[in-house]
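Undergrad: The structure under discussion is supplied below as structure tokens; questions concerning it will follow.
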Amino acid sequence: MRMKSGLSRQLSQRTAFAVLLVATIAVVMVTLFIIVRIAVSGAGALNWSFLTQPPTDAGRAGGIFPALVGTFYLMLGTLMLALPIGVLAGIYLSEYAPRNWLTRVINLAIINLAGVPSIVYGLFGLGVFVLMMKFGMSLLAASLTLACQALAMTITTSREALLAVPREYREGSLAIGATKWQTIRHLILPQARPGIITGAVLAMSRAAGESAPILIVGAAFIVPGLPQSPFDRFMALPYHLYTVATQVPGVPGDTKWAVALVLLAVVLSFNVLATIVRLRARRQRV
Amino acid sequence: MTAASTVSRDRMPEHSTTKIRTEGVSLYYGAFQALRNITLDIPERAITAIIGPSGCGKSTFLRIFNRMNDLIPGARVEGTIQLEGIDIYDRCIDVVELRKRVGMVFQKPNPFPMSVFENVAFGPRRHGGNNRGELADIVEKSLRQAALWDEVKDKLDKSAFDLSGGQQQRLCIARVLAVEPQVILMDEPCSALDPVATLKIEDLMRQLSNSYTIVIVTHNMQQAARASDISAFLLMEPDRAGVLVECGPTSQLFTSPKDKRTEDYITGRFG
Amino acid sequence: MPRQRSSATTAECALEKGLRRRWRLGERAIEGGIFLASLLAIVVLLGIVALLLRQGLPIFSYTPPWAFLFGTRWYPVSEPPTFGIAPFFVATLWVTAVATAVAVPVGVACAAYLSEVARPAIRETAKPIIELLAGFPSVVMGFIGLLLLSPLIQSMFNLNTGLCGLAAGIMLSLMSLPIIVTVSEDAMRAIPDDFRQAAYALGATKWEVVRHVSIPAALSGISAAMMLGIGRAIGETMTVLMIAGGALAMPVSPTAPMMPMTAAIASGIGNAVRGGLQYQALFAIGLLLFLMTLAVNLVADAVLERQKRKFQR
Ligand SMILES: Nc1ncnc2c1ncn2[C@@H]1O[C@H](COP(=O)(O)OP(=O)(O)OP(=O)(O)O)[C@@H](O)[C@H]1O
Ligand SMILES: [Mg+2]
């Protein structure tokens, strides 16, 4: 460390910290700006009938009801498919997995699954669910695709939540003749629940905001009614935003912003929900 | 161990008083040998204390009796450990059933994150009891046995974490009692407690020894001298493997130890 | 560690005392299911690889790999079609480079401020907000870029269109910022305090400690953060599809309209005949994309593991 005079060292510290502060403020401000801007510009066109009416005139008028419902179905489908498997796999990795090559391979697979681009999941869904399994471009194919994408997250969060449960509980339970599964089922899982829920909610939030994969495996620009079965095509909020923003000329600005607002509100409210679950659990444990 | 010798052991007259018998027991953590060739009889309905300096393998030895070491990857046991003449490391033994009969209390009180009632009811529930009335009876009986009933009878629905350390430890004992074991293993049950709570637990052990076989690991010489009937002294050899130096009635071991090393230890010359 | 020994007598005694081994088939079945579920992660990953290989590799019998990678002309529907993805590849590089150039310095500065300088109250407020950014759907980022950022860039650089690599890169930088901040901050907070104390004892100012102790000690964590950010930028689709410009020509500067690889897949797959040459070519792009992110993530993971071990105990 080169020692400069005290004054200039103080000065360089001041400058440096000012730069760091500006960077932080900038990021926070941009984030808040985006939220506020979308809220302000979108609020104008947002009303009850916008939320409850189907779109007309290729999205230039009417509402977004089918897209809302479609996104809701997608979140539900993703949750129902990815959560149970994520919890089971998380239990295996935290409670059963021996330290061997197979466990290492599983963990490596999870890390890599988390990094696979969403568009590649889309190609996977197209090849496997749409074509090979012949589900067609459908809600089911899209849910399965998004569930595959969510798997890495639900497994990881479940595993971490389970690993965070103190070892003493496991020993205490086994030492009075509970079986391993009983210990997990009645002692460990309940303790890990908040962490698991946090992961599940985040996974749902992601599924709600994802557009690249569903654009490939089944989201439709406009469908007249709501999907009646898992094999129907569907509308989804993010895809709807994409089309009104880039594919359809002459959509009123307000309408676009309102779609963005609804999408952002859905996604962020689930994010906030996850944070609340996490914080509440932390407070309880203390 | 041949079938013939097992049978002949069974007919030996002193068997009625020996609850657990270990013979030539060694334990390895991977390549590291933690215990060497320990042979010890643990009498029924009495308190056996295991003493020795830190790291000599007391906990390791204790955890052999309910096969808690099975949970540690790479741990390996050699020799014979018999509970009432049955080799508990035999292939046909059910570890879960074994642990119902041989319960364990740990050094740090480890109540479960649930109510006092549910803590005690945890074992019985897992073993098929679901009748609320029966459970309530079992819980009350166990808490009374653990000398905790009067202190907690009004807070059965409160979190177990709200109890004091000593109460928590007695709760853990009640939790073990609730599954009606035959043997209770205690690994330094008082090391996290103050003297008053410690005395309470010792009184409790005395009472329990009328109907249970108790094996306790302790660092505290006075505690061993006060509370146990039989004492076993473990020590590390230079290669850090624990061996049994001496074992006998507590009064004798503390007043006239046969081995020089025992004498050095109990008089506080090392350890 | 059950041992392979048993004697008839012990077995009988055990039976008599109720210690006999039980099978608990229900629990075994559940545990079997648990194991199978964990294999699913491998199955999906292998499935992705297998599918990309099966659908993507056949294109190389029509266009040799080098022509595919280095060819600059992508004319999937002309006669005969040509498939050169160099412009897409270069576009991805441009966009990722811009995103990294913006996100890494800003992200590391944020992380340094939050972990080393900020009061807890400020940290607890700023962090959740930055993490919120990670939750923004990429289509919303594309939308913002389209309506707010690209007009700005158009007028600033006097361009024909503001839809260009630069605009996409800047929006992507916002999307990789949260992960860079989080991972770098974790790395800095993991540094034991004695490191800093030692420097303070030598009379260093706080900034000197940050600069000469904290940041260097967290360097591997910071580089992992950078890799993860890059991985995120490479794989992002909607934002670049909406605002990178979508031009097929080789982009010569970041201000040119361009078509990154993800956007090429997204915009082409709808029109491609299933099993046709274009379809195969798009899967081959997917394969390349997969391999790139795989490499980036593996490196990041290895670096993170090393960093974690560095300060253990
Ligand atoms: N899981 C393990 N893996 C490897 N070695 C272990 C393990 N547990 C204990 N050991 C080693 O075995 C030896 C005996 O440990 P043990 O915990 O039984 O000692 P102890 O007598 O109970 O000590 P203390 O009085 O401090 O509790 C020690 O050398 C210890 O380092
Ligand atoms: Mg011990």
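The values are calculated or read from the model by the stated rules, or taken from the named source; none is laboratory data. Note that the structure is a prediction, hence the values are computed from the model and not measured. Neighbour counts run over all protein chains shown; Cβ positions are idealised from the backbone, glycine included. Side chains are part of the model used for accessible areas, which takes the heavy atoms of the whole protein and leaves out ligands, DNA and RNA. Shrake-Rupley method; radii C 1.70, N 1.55, O 1.52, S 1.80 Å.
Undergrad: Of all helices (runs of 4 or more DSSP H) completely enclosed by the range B:8-127, which ones contain at least 1 residues that are open to solvent by less than 40 Å² (accessible area, probe 1.4 Å), away from ligand 2 (no atom under 16 Å from the Cβ) and touching a helix residue (DSSP H, G or I) at 6+ places or on another chain (Cβ under 9 Å)?
TA: Details: elements: B:58-62, B:95-101, B:116-126.
Qualifying helices (runs of 4 or more DSSP H): B:95-101, B:116-126.
Undergrad: Please give the number of the condition A:ALA142 fails out of (1) open to solvent by 20 Å² or more (accessible area, probe 1.4 Å); (2) more than 14 Å from every other protein chain (Cβ to nearest Cβ); (3) closer than 25 Å to C:LEU294 by Cα.
TA: Of (1) open to solvent by 20 Å² or more (accessible area, probe 1.4 Å); (2) more than 14 Å from every other protein chain (Cβ to nearest Cβ); (3) closer than 25 Å to C:LEU294 by Cα, only one is false for A:ALA142: (1).
Undergrad: Where in the range B:152-271 are there strands (runs of 3 or more DSSP E), lying fully within it, with 2 or more residues that are touching a residue at least 60 places away in the same chain (Cβ under 8 Å) and farther than 20 Å from B:SER54 by Cα? Before you say what the answer is, go through the steps one by one.
TA: On the way: elements: B:183-187, B:213-217, B:230-236, B:242-249.
Where strands (runs of 3 or more DSSP E) fall fully within the range B:152-271 and carry at least 2 residues being touching a residue at least 60 places away in the same chain (Cβ under 8 Å) and farther than 20 Å from B:SER54 by Cα, they are B:183-187, B:213-217.
Undergrad: Sticking with this one: Can you tell me how many residues in the range A:193-235 are assigned to a loop (DSSP other than H, G, I, E, B), over 21 Å from C:MET175 (Cα atoms) and out of contact with any Lys or Arg (no Cβ under 9 Å at 6 or more places or on another chain)? Outline the logic, then answer.
TA: Taking the range A:193-235 as the starting set, the residues that turn out to be assigned to a loop (DSSP other than H, G, I, E, B) are A:210-211, A:218, A:220-233, A:235.
Of the ones still in play, those that are also over 21 Å from C:MET175 (Cα atoms) are A:218, A:220-233, A:235.
Then keep just the ones that are out of contact with any Lys or Arg (no Cβ under 9 Å at 6 or more places or on another chain); that gives A:221-222, A:224-226, A:228-233, A:235.
Qualifying residue count for the region: 12.
Undergrad: Restricting attention to helices (runs of 4 or more DSSP H) lying wholly within the range C:209-301, give those where 3 or more residues are more than 23 Å from C:GLY135 (Cβ to Cβ). Break it down into steps so the answer makes sense when it comes.
TA: Working: elements: C:219-235, C:238-243, C:261-269.
Once the helices (runs of 4 or more DSSP H) in the range C:209-301 are filtered for at least 3 residues that are more than 23 Å from C:GLY135 (Cβ to Cβ), what remains is C:219-235, C:261-269.
Undergrad: Given the conditions (1) within 14 Å of chain C (Cβ to nearest Cβ); (2) open to solvent by 40 Å² or more (accessible area, probe 1.4 Å); (3) in contact (Cβ under 8 Å) with a residue 24 or more places away in the chain, and given that A:ARG185 satisfies all but one, which numbered condition is not satisfied?
TA: Unmet condition: (3).
Undergrad: Which numbered condition trips up C:VAL209, out of (1) closer than 28 Å to C:VAL90 by Cα; (2) facing chain A (nearest Cβ under 10 Å)?
TA: Evaluating C:VAL209 over (1) closer than 28 Å to C:VAL90 by Cα; (2) facing chain A (nearest Cβ under 10 Å) leaves (1) as the failure.
Undergrad: When the residues of the range A:82-99 are narrowed to those that are farther than 16 Å from A:ARG185 by Cβ and surrounded by fewer than 21 Cβ atoms within 10 Å (Cβ to Cβ), which ends up modelled with the lowest pLDDT?
TA: A:ARG99
Undergrad: Restrict the check to the range B:210-218 and report whether at least one residue is farther than 19 Å from B:PHE106 by Cα and at pLDDT 90 or above.
TA: Filtering the range B:210-218 for residues farther than 19 Å from B:PHE106 by Cα gives B:210-211.
So of that shortlist, the ones also at pLDDT 90 or above come out as B:210-211.
Yes, the range B:210-218 has at least one match.
Undergrad: Kindly indicate which of A:VAL69, A:VAL130, A:VAL105, A:VAL87 is in a helix (DSSP H, G or I) and within 24 Å of C:ILE285 (Cα to Cα). Give the steps one after another, and end with the answer.
TA: On the way: A:VAL69 fails: within 24 Å of C:ILE285 (Cα to Cα); A:VAL105 fails: within 24 Å of C:ILE285 (Cα to Cα); A:VAL87 fails: within 24 Å of C:ILE285 (Cα to Cα).
Only one candidate passes the filter, namely A:VAL130.
Undergrad: What do you reckon, is B:CYS172 modelled with pLDDT under 90, closer than 17 Å to B:GLN107 by Cα and touching a helix residue (DSSP H, G or I) at 6+ places or on another chain (Cβ under 9 Å)?
TA: no
Undergrad: Identify, from the list A:PRO238, A:PRO190, the residue that is within 30 Å of B:VAL179 (Cβ to Cβ) and either in a helix (DSSP H, G or I) or within 14 Å of chain C (Cβ to nearest Cβ) (or both). First the steps, then the outcome.
TA: Values: A:PRO238 fails: within 30 Å of B:VAL179 (Cβ to Cβ).
Checking each option against the conditions leaves just A:PRO190.
Undergrad: Cβ contacts < 7 Å: first residue away from chain A (no Cβ under 14 Å), restricted to the range B:50-67; second residue within 8 Å of ligand 1 (Cβ to nearest atom) and among the basic types (Lys, Arg), any location; separation 6+ or different chain. Result?
TA: Filtered contacts from the range B:50-67: B:ILE50/B:LYS58; B:GLY52/B:LYS58.
Undergrad: Tell me, which residue of the range B:206-221 that is away from ligand 1 (no atom under 16 Å from the Cβ) and not charged (D, E, K, R) is nearest to the chain's Cα centre (by Cα)?
TA: Let us first name the residues in the range B:206-221 that are away from ligand 1 (no atom under 16 Å from the Cβ), namely B:206-214.
Those left that are additionally not charged (D, E, K, R): B:207-214.
Working: B:GLN207: 15, B:LEU208: 12, B:SER209: 12, B:ASN210: 15, B:SER211: 14, B:TYR212: 11, B:THR213: 9, B:ILE214: 6 Å.
Among those that are away from ligand 1 (no atom under 16 Å from the Cβ) and not charged (D, E, K, R), it is B:ILE214.
Residue-by-condition table, conditions (1) more than 9 Å from chain A (Cβ to nearest Cβ); (2) within 15 Å of the chain's Cα centre (by Cα); (3) modelled with pLDDT under 90:
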site: B:VAL77; (1), (2), (3): yes, no, no
site: B:ASP90; (1), (2), (3): yes, no, yes
site: B:LYS100; (1), (2), (3): no, yes, no
site: B:MET104; (1), (2), (3): no, yes, no
site: B:PRO113; (1), (2), (3): no, no, no
site: B:GLY123; (1), (2), (3): no, no, no
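Undergrad: Condition first: within 8 Å of ligand 1 (Cβ to nearest atom) and over 23 Å from B:SER251 (Cβ atoms). Now tell me which residues in the range B:49-67 satisfy that.
TA: Matches in the range B:49-67: B:SER54, B:GLY55, B:GLY57, B:SER59, B:THR60, B:ARG63.
Undergrad: Can you pull out the residues in the range B:184-199 that are more than 16 Å from ligand 1 (Cβ to nearest atom) and closer than 16 Å to B:ALA225 by Cα?
TA: B:PRO195, B:THR198, B:LEU199
Undergrad: Please determine, by comparing only the residues of the range C:267-301 that are of a type in the set (A, V, I, L, M) and surrounded by fewer than 13 Cβ atoms within 10 Å (Cβ to Cβ), which one is nearest to C:ASP194 (Cα to Cα).
TA: Let us first name the residues in the range C:267-301 that are of a type in the set (A, V, I, L, M), namely C:269, C:272-273, C:277, C:281-282, C:284-285, C:287-289, C:291-292, C:294-296, C:298-300.
Checking which are surrounded by fewer than 13 Cβ atoms within 10 Å (Cβ to Cβ) leaves us with C:273, C:291.
On the way: C:VAL273: 63, C:LEU291: 41 Å.
Checking each candidate, the answer is C:LEU291.
Undergrad: Out of B:ILE184, B:ILE173, B:ILE138, I need the residue that is open to solvent by 30 Å² or more (accessible area, probe 1.4 Å) and within 20 Å of B:GLN207 (Cβ to Cβ). Which one?
TA: Working: B:ILE184 fails: open to solvent by 30 Å² or more (accessible area, probe 1.4 Å); B:ILE173 fails: open to solvent by 30 Å² or more (accessible area, probe 1.4 Å).
The match here is B:ILE138.
For every residue, the table says whether it meets (1) acidic (Asp, Glu); (2) open to solvent by 10 Å² or more (accessible area, probe 1.4 Å).
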site	(1), (2)
C:LEU166	no, yes
C:SER176	no, no
C:ILE179	no, yes
C:VAL183	no, yes
C:ASP193	yes, yes
C:ARG196	no, yes
C:TYR200	no, yes
